[in-house]
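Enquirer: Just dropping this structure here.
The values are calculated or read from the model by the stated rules, or taken from the named source; none is laboratory data. Here the structure is a predicted model, which means the values were calculated and not measured. Glycine gets a Cβ as well: all are built from the backbone with ideal geometry, and neighbour counts include every protein chain shown. For the accessible areas, the whole protein counts, side chains as well, though only heavy atoms, and no ligand, DNA or RNA atoms are used. Shrake-Rupley method; radii C 1.70, N 1.55, O 1.52, S 1.80 Å.
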Amino acid sequence: GRASRARTSGYAMAEPKTLKRKATVAVHVTPGTGGMEEGPFVCHLPSRADGMPPSGTEFSAWRKNIEFRGQHLVLRGRTRGVDYVGTNFDNHGTAAANACSWFVARLKRVSDGGRGAGADRGGGGGETEEEDKNAEYQLDVVPIGGGQVIQLETRCHALEYASPAWEEGEDMNDPATRALYNDRLLKAFSSAKRQRKVSRIQAERKVDASSLAAPDAMRDALIQQTKGELDGKALADLAGQRRNIPAHDQHATNPHDAYPLRRFPLYPLLERSAYKELLDASKKPSAMDTLRAGGDLDVFVLDLVPELQRQSHFSTAVDASNETAMKKEAAKALAALDQLLAFRQHKGIVVERRPRRKDDNGNKLDTSDEPLSVSWTHETKVDSVTQRAYIDTFMTLASLDGQPFLPGEPKRWVRPKAETDLITLHVILMALRAGGWQCDVTALCKKLKMSLKDITPLCKELGLVMGKTPGAKKDGGGATTATLKLDGTKPLKDFLPQIKKRLQAAKKRE
């Protein structure tokens, strides 16, 4: 509660006759503090002739301790005989009041227009007209307590008007208390349809305690069932380690260690390829003419042969022997690129067949006694051993209706979509190795019959940075390039795309 007290001010109250038309008035608004400190209260007491309570009246104010009616305020003035009681509401069903629109204002004079503060103001108007004209005033405005004028009624002491007890208030941190509070809110403000729906949901959530195991047993069972499970971040890291890209070292800081050619699955068989002829063709134009005339090597591969002698690609070599070894590896990469292009252009299904032979007259010979063999290109381009190695590495044995193959029955291999993408990534890497870790993606798209939109994600899976060659398109510039920018400072994992958990749509509301 709060007793009413009379306040005195150090400023003189302004007389209406002394306030000139052009006087300066500063408006000062004091916001209401709310709670039990709001005020001052403006009351109307019609039961007294002078409208004022008797001297010695003790006033108290408090809020009603009623659910959802915390804005209701009661003001009581107690005397020896009766109580003067008033409220800011008509009945308990009154809703919350709007912002306060009632204020109390007091006008006071704060300066004397140039006279000293201690000058005598008495003596029959010692002020001059100029001093009175320059005087300054302040208008103090404060909202009234309770938001409106309170009508006081006279009541006897037989009725109890006291502040309610707040010490035994509900603990909202208690889940049971909060659930009960939510239920009361539901019944007070929700529709009947909503109340039936919530009741049905709560009934479904109820669990029979007798059907539950002991807490320790439940904890042990949960620990055992979730043993070895990974969280979202651990799963993303594991997926990053198992990317469908060629063998790599994500901690390497230079291209040769990040994607070493020796980790190519068919690297030992590259000794059977035509890498020596490619290396010789990079030095001798006549050897290049011979390869082009033979027609066994792809034209796209032959166009990259001059890159084997570009010194800028081998600037990291420490001596002549190291440079020779790097050129040899680049030539092997070109030879592997030729094989990969031929294998990728194949339709993706290989079936065992017996060889077809003809006699000198062009008649077909019977080869039913000869063993079955597999082939996806001519042996002059890729030898039979290497062809079978490609099938075993990048294709899957498929059978009809899941039944095993019978003895002597031709076997069938298919190439899954994931393996086709992996072969495409190997093609991009081989072109990078031959071109000093930069390749022309525009020319590669034409060779692979892919759009730039489809090949760009594959390049980014390898950590490549896409760019454009300088110059206009009519002058040979403007081509799209892919570069592996490992300069010894950042590891490969900083360039690989980050695998994130896929966002899931929110559950639809009932």
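Enquirer: Can you pull the accessible area of Lys417 for me, 1.4 Å probe, Å² to the nearest 10?
Expert: 140 Å²
Enquirer: Tell me, what is the Rg over Rh of the range 329-434, with Rh the Kirkwood radius over Cα pairs?
Expert: That ratio equals 1.05.
Enquirer: For the ranges 54-62, 469-477, what's the packing order if you count other beta-carbon atoms within 10 Å of each residue, average per peptide, and put the highest first?
Expert: So the order, starting with the most tightly packed, is 54-62, 469-477.
Enquirer: Order of 438-451, 141-154 by packing, highest average Cβ count within 10 Å first?
Expert: Highest-to-lowest ranking by the protection proxy: 141-154, 438-451.
Enquirer: Taking amide H positions as placed in the peptide plane 1.01 Å from N, state which residues far from Thr481 in sequence (5 or more) or on other chains have amide H under 5 Å from it.
Expert: Val441, Gly467, Lys468, Thr469
Enquirer: So what are the ³J(HN,Hα) numbers for the range 450-462, from phi and the Karplus equation (6.51, -1.76, 1.60; θ = phi - 60°), rounded to whole Hz, Gly and Pro as x?
Expert: 10, 7, 4, 5, 7, 8, 4, x, 5, 5, 5, 4, 8
Enquirer: Leaving out ligands and nucleic acids, and using a 1.4 Å probe, what accessible area per residue does the range 254-299 come to in Å²?
Expert: 57 Å²
Enquirer: Can you give the relative contact order of the range 369-471 as a percent, counting alpha carbon pairs under 8 Å and 6+ residues apart?
Expert: Rounded, it is 16 percent for the range 369-471.
Enquirer: When the accessible area of the range 247-295 is split by element with a 1.4 Å probe, what percent falls to carbon and sulfur?
Expert: 50 percent
Enquirer: Given a 1.4 Å probe and heavy atoms of the protein chains only, how would you sort Val385, Val350, Val198, Val42, largest accessible area at the top?
Expert: Val385, Val42, Val198, Val350
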